[in-house]
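Have a look at the structure below before the remarks.
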Amino acid sequence: MSLTCYTKATKPFQGQKPGTSGLRKAVKVFQQDHYTENFVQCILSAMSGGLTGSTLVVGGDGRYFGKKACDTIIKMCAGNGVRKVIVGENGILSTPCVSCMIRKYKTSGGIVLTASHNPGGPDADFGIKFNISNGGPAPDSVTNKMYEISREIVEYRICPELHCDISTPGTQQFVVENRPFTVEVVDSVKDYVDYMKEIFDFPAIKDLITGAKGQPLKILINAMHGVTGPYVKKIFLEELGASPDSAVNIVPLEDFGGHHPDPNLTYAADLVKAMKEGDFGFGAAFDGDGDRNMILGHKAFFVTPSDSVAVIADNTDSIPYFKKNGVKGLARSMPTGCAIDRVAEKKGVEVFEVPTGWKYFGNLMDAGRLSICGEESFGTGSDHIREKDGIWAVLAWLSILAARNTTVEQVLLSHWGTYGRNFFTRYDYENCESGPCNQMMSELDAMSSDPGAVGKEHTHAGKTYKVAKIDNFEYTDPIDGSVAKKQGVRVLMTDGSRFVFRLSGTGSSGATVRMYVESYESDPSTFTKDAQDVLKPLVEIALSVSKLKEFTGRQQPTVIT
Ligand SMILES: O=P([O-])(O)O[C@H]1O[C@H](COP(=O)(O)O)[C@@H](O)[C@H](O)[C@H]1O
Ligand SMILES: [Mg+2]
């Protein structure tokens, strides 16, 4: 029997503009009649190369509304002439796994259903993101096209009669308007786990964890009830032999147990607390969709994401993937601490500074100029896929610990001994009113053309900084020449210290201000100091220059990392 497709009339919704990483809104917004269908049609209509005969990967982090969205997407793919959809069992696929599968099966792209680290549930957030055929988030040229279509859309195509069960792996064949249409439901973890086993030396990591060559390393992995649970179970418990108490919160929940599935010192507080007790030598947590990670050492020694990627880049000889492929270049997003720049300099490889957003790394990787990159927002990854990858980062760290037979803290101390330390902190002011925050940003922006602002000295608690340059970061992609403007205001000091302000692009409502503060020290006596103490004068100067407290009405940030 051939199933019939229908063209449904619709009207544009305001604000279907993808942010840093897809469209993220409250579930209630996605639940409005036609809202999800409109945005899915925009994705499908914006796909270059046409849909006839194409294959797409679909999956997400298991949050509330994910299964419903999967069903809608499958029906709309059928309605739009897509040939095949590969979907994770029960709609579950981590973001790194979607990227891995797009590349492995050479599909035209994929649709990721997640709002990442934002809370989930009927009263929380949902998100839809389109990834292109290289496995990475769609670049601005594509998301701008999607947004243009969203403003003019009058109809969408759907096959409502298509009923497909995504609860068990297997292939289901349909005939849609006399064309074949296939839905392949796949095991959510297999392709990803197989790939990790190629990249890393699993036996070496297993020896470290089980203590085959000495003291076992006790690890504690907290999946925060996000999508990484099944991957953690398979990789760390089953493949690498960690004891059952090594992994917690590994059952994905539609509301992440009511928490923010965000791996930082505030929202992963239970991991920090457990690590402080001192029984474990290595701890990690991931966000809802599994692309972010936080690494902790014994007694909750915190590894900043900016240091984490620098350490990995400096230790690639313990990872088979890099031994085989070499390291071409390194990169970080603009607000990320500059530790990786020093590693690049020593190794004599290129280093790139891109705007916030993993999509900006993709072209460099595709052109063979970038191997390892990271962001201060707990994102670490490499050119093995085109997304940041939380579990990959943990396996990279465990590889380093296995090869060097040492602790997380010692690895950092020796890294700082070689390169000096880039002290870094980020202050988040979440869910502020948009109007005053936009005003603050435009006043900061105006300083870049104010001759009185450059050269000015600022003093706090006896520490004086002189402004060398102020700009609103602009990036020209070295591969395709595309330009991204106004990516954050940087205030650079004559001694190399700096602070940066930008508005988050991943929230679902209101505005979140992010303030990033960094300074560099080469004096070893400073290395073990608390970053908050070292950076305090510059933090105060940044707060006063920006008038942040006046604009936001906030005396304290919601999160400090
Ligand atoms: O949310 P995720 O994990 O997909 O992460 C996304 O957002 C982060 C920034 O978020 P914001 O704009 O809020 O600072 C980016 O660094 C990251 O590349 C992007 O993939
Ligand atoms: Mg994420």
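The values are calculated or read from the model by the stated rules, or taken from the named source; none is laboratory data. Values in this document were obtained by computation on a predicted structure and should not be read as measured data. FYI the Cβ positions are ideal-geometry reconstructions off the backbone, even for glycines, and counts take in every protein chain you see.
Of all the residues in region 428-455, those that are assigned to a loop (DSSP other than H, G, I, E, B) and exposed (fewer than 15 other Cβ atoms within 10 Å of the Cβ) number 6.
Whenever a residue of region 181-199 is touching a residue at least 24 places away in the same chain (Cβ under 8 Å), its partners that are surrounded by fewer than 16 Cβ atoms within 10 Å (Cβ to Cβ) and of a type in the set (Val, Ile, Thr), lying with C-beta atoms within less than 9 angstrom and at least six residues away or across chains, give the pairs 181/175; 182/171; 183/171; 184/171; 185/168; 185/171. Here is a check on your reading of the model: is residue 135 in contact (Cβ under 8 Å) with a residue 60 or more places away in the chain and of a type in the set (Gly, Ala, Ser)? Here the answer is yes, as residue 135 does meet what is asked.
Every residue in region 14-46 that is among the charged types (D, E, K, R), under 29 Å from residue 361 (Cα atoms) and surrounded by fewer than 22 Cβ atoms within 10 Å (Cβ to Cβ), please.
Selection gives 17 alone.
Note on region 278-335: residues that are touching a residue at least 40 places away in the same chain (Cβ under 8 Å), of a type in the set (A, V, I, L, M) and assigned to a helix (DSSP H, G or I) amount to 5. Just one residue in the set 203, 230 is surrounded by fewer than 19 Cβ atoms within 10 Å (Cβ to Cβ), modelled with pLDDT of 95 or more and not hydrophobic (A, V, I, L, M, F, W, C); that residue is 203. On the stretch given as region 250-279, residues that are more than 16 Å from ligand 2 (Cβ to nearest atom) and either small (Gly, Ala, Ser) or in contact with a His (Cβ under 7 Å, 6 or more places away or on another chain) (or both) total 7. Inspect region 398-405 for any residue being out of contact with any helix residue (DSSP H, G or I) (no Cβ under 9 Å at 6 or more places or on another chain), at pLDDT 95 or above, farther than 12 Å from residue 309 by Cα and away from ligand 1 (no atom under 16 Å from the Cβ) and give the result as yes or no. Checked region 398-405: no residue is out of contact with any helix residue (DSSP H, G or I) (no Cβ under 9 Å at 6 or more places or on another chain), at pLDDT 95 or above, farther than 12 Å from residue 309 by Cα and away from ligand 1 (no atom under 16 Å from the Cβ). Restricting attention to region 363-401, the residues being more than 16 Å from ligand 2 (Cβ to nearest atom) and part of a helix (DSSP H, G or I) number 11. In this structure, residue 84 does not qualify as over 26 Å from residue 377 (Cβ atoms), in contact with a helix residue (DSSP H, G or I) (Cβ under 7 Å, 6 or more places away or on another chain) and more than 16 Å from ligand 2 (Cβ to nearest atom).
With respect to (1) surrounded by fewer than 16 Cβ atoms within 10 Å (Cβ to Cβ); (2) within 26 Å of residue 24 (Cα to Cα), the lone exception for residue 522 is condition (2). Listed by position, the strands (runs of 3 or more DSSP E) inside region 2-65 whose residues that are within 16 Å of ligand 2 (Cβ to nearest atom) and either touching a Gly at 6+ places or on another chain (Cβ under 6 Å) or not acidic (Asp, Glu) (or both) number at least 2 are 23-26, 55-60. Reported count of residues in region 412-427, each being touching a helix residue (DSSP H, G or I) at 6+ places or on another chain (Cβ under 6 Å) and assigned to a helix (DSSP H, G or I), is 2.
Among the residues of region 281-308, those that are small (Gly, Ala, Ser), within 16 Å of ligand 2 (Cβ to nearest atom) and within 14 Å of the chain's Cα centre (by Cα) comprise 285, 288, 290. Against the test of being under 27 Å from residue 506 (Cβ atoms), of a type outside the set (D, E, K, R) and part of a helix (DSSP H, G or I), the options 232, 251 yield a single qualifying residue, 232.
Among the residues of region 535-559, the ones that are closer than 20 Å to residue 496 by Cα and within 28 Å of the chain's Cα centre (by Cα) come to 7 in all.
Filter region 277-295 down to residues that are surrounded by fewer than 24 Cβ atoms within 10 Å (Cβ to Cβ) and not charged (D, E, K, R) and give me whichever is nearest to ligand 1 (Cβ to nearest atom). Here the residue is 280. Of the strands (runs of 3 or more DSSP E) lying entirely inside region 104-180, those containing at least 3 residues that are away from ligand 1 (no atom under 16 Å from the Cβ) are 155-158, 170-176.
For region 209-225, the count of residues that are β-branched (Val, Ile, Thr) and surrounded by fewer than 19 Cβ atoms within 10 Å (Cβ to Cβ) is nonzero. Mind checking whether some residue in region 414-429 is more than 29 Å from residue 528 (Cα to Cα) and of a type in the set (S, T, N, Q)? No, region 414-429 contains no residue that is more than 29 Å from residue 528 (Cα to Cα) and of a type in the set (S, T, N, Q). State whether the residues of region 532-545 include one that is in contact with a Phe, Trp or Tyr (Cβ under 9 Å, 6 or more places away or on another chain) and over 15 Å from residue 460 (Cα atoms). Looking through region 532-545, none of the residues is in contact with a Phe, Trp or Tyr (Cβ under 9 Å, 6 or more places away or on another chain) and over 15 Å from residue 460 (Cα atoms).
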